[in-house]
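Everything on this sheet refers to the single structure shown next.
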Amino acid sequence: MTATSSAGHTRRDFLYIATGAVGAVGAAAVAVPLISQMNPDASTIAAGAPIEVDLSPVAEGQVIKVFWRGKPIFVNHRTKKQIEEAVNVNLASLPDPQPDSARVKEGHANFQVLIGICTHLGCIPIAHSGPYDGYFCPCHGSVYDTSGRIRSGPAPTNLALPPYQFVSDTKIRIG
Ligand code: FES
């Protein structure tokens with residue numbers, strides 16, 4: 001996959017999710033106007049309020065990007081094959097050994113959520129890229145797997161995980 005097609009993919013997915021989020025807020029405002037007035041405004045969200053992300057439109061094999069506290073958050077709806085490969089890796093071969101189970105929520109290994117900021121010098125990696133079909137940082141060549149673990153390159157540690165929880169099978173709250 002080329003950088004161009006991957007970037008296009010990410011942009012398209014982001015636009016799709018952003019549209020969905022606006023729709024959800026609009027619907028809530030109509031249904032429960034008093035409660036919607038208590039929702040945080042844009043500046044509060046930018047300052048760090050939690051955000052909810054509906055994962056139901058995210059197809060298997062798709063990675064979406066949302067923003068929380070100004071940081072890109074990648075949500076990867078992993079395939080069975082990707083999960084198996086991430087689980088079965090020899091931990092001793094990893095620069096920053098961490099089992100896949102420590103990087104997903106129990107019972108939700110299909111959704112892997114991480115902060116898309118390279119741990120080397122802070123570039124934003126490209127999703128669906130590199131030899132592990134995970135993330136590739138074009139700045140200096142760091143390669144991450146679908147668990148966000150560093151596999152090669154100068155990045156010293158795995159991609160960080162944001163604080164989040166599942167509020168339903170298809171919805172997470174970040175923050
Ligand atoms: S910033 Fe990602 S490899 Fe250097």
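Annotation: Glu52 carries an accessible surface of approximately 100 Å², with a 1.4 Å probe and no ligand, DNA or RNA atoms counted.
Note on Cys139: accessible area approximately 60 square angstrom, rounded to 10, probe 1.4 Å, nucleic acids and ligands left out. In order along the range 146-157, the phi-based Karplus estimate (6.51 cos²θ - 1.76 cosθ + 1.60, θ = phi - 60°) of 3J(HN,Hα) comes to 6, 8, x, 8, 5, 10, 7, x, x, 4, x, 9 Hz; Gly and Pro are listed as x. Residues Phe136, Phe166, Phe111, ordered by accessible area of protein heavy atoms at a 1.4 angstrom probe radius and largest first, appear as Phe136, Phe166, Phe111.
For a straight C-alpha distance cut-off of 21 angstrom, the lysines reachable from Lys81 (same-chain residues fewer than eight places away being disregarded) are Lys105. Net length available on complete extension from Ser101 to Asp169 is 22.7 nm, with 0.36 nm assigned per residue and the Cα-Cα distance removed. Peptides 92-100, 143-151, 126-134, 62-70 ranked from most to least packed give 143-151, 126-134, 62-70, 92-100, packing being the mean of other C-beta atoms within 10 angstrom over each peptide's residues.
Figure note: Asp54, Asp169 ranked by solvent-accessible area, largest first, 1.4 Å probe, ligands and nucleic acids not counted: Asp169, Asp54.
Listed by chain and number, the aspartates and glutamates whose alpha-carbon sits under 15 Å from that of Lys80, ignoring those within fewer than 8 places in the same chain, are Glu60, Asp100, Asp133, Asp145. For the range 109-117, backbone phi angles converted through the Karplus equation (6.51, -1.76, 1.60; θ = phi - 60°) give residue-by-residue couplings of 5, 6, 10, 10, 10, 8, 8, x, 10 Hz, Gly and Pro being listed as x. Working out 0.36 nm times the residue gap between Asn88 and Arg69, then minus their Cα-Cα distance, what length gain in nm do you get to one decimal? The Asn88-Arg69 span can extend by a further 3.5 nm.
Note on the range 42-124: Cα-only Rg and Dmax are 14.5, 44 Å.
Note on His140 and Lys80: the extension gain reaches 18.6 nm, defined as 0.36 nm multiplied by sequence separation minus the Cα-Cα distance.
The values are calculated or read from the model by the stated rules, or taken from the named source; none is laboratory data. All figures in this text were calculated on a predicted structure; none of them were measured in a lab. With ideal geometry, Cβ positions are generated from the backbone for all residues, glycine too; neighbour counts draw on all protein chains shown. Accessible surface is based on the protein model in full, side chains and every heavy atom, while ligands, DNA and RNA are left aside. Shrake-Rupley method; radii C 1.70, N 1.55, O 1.52, S 1.80 Å.
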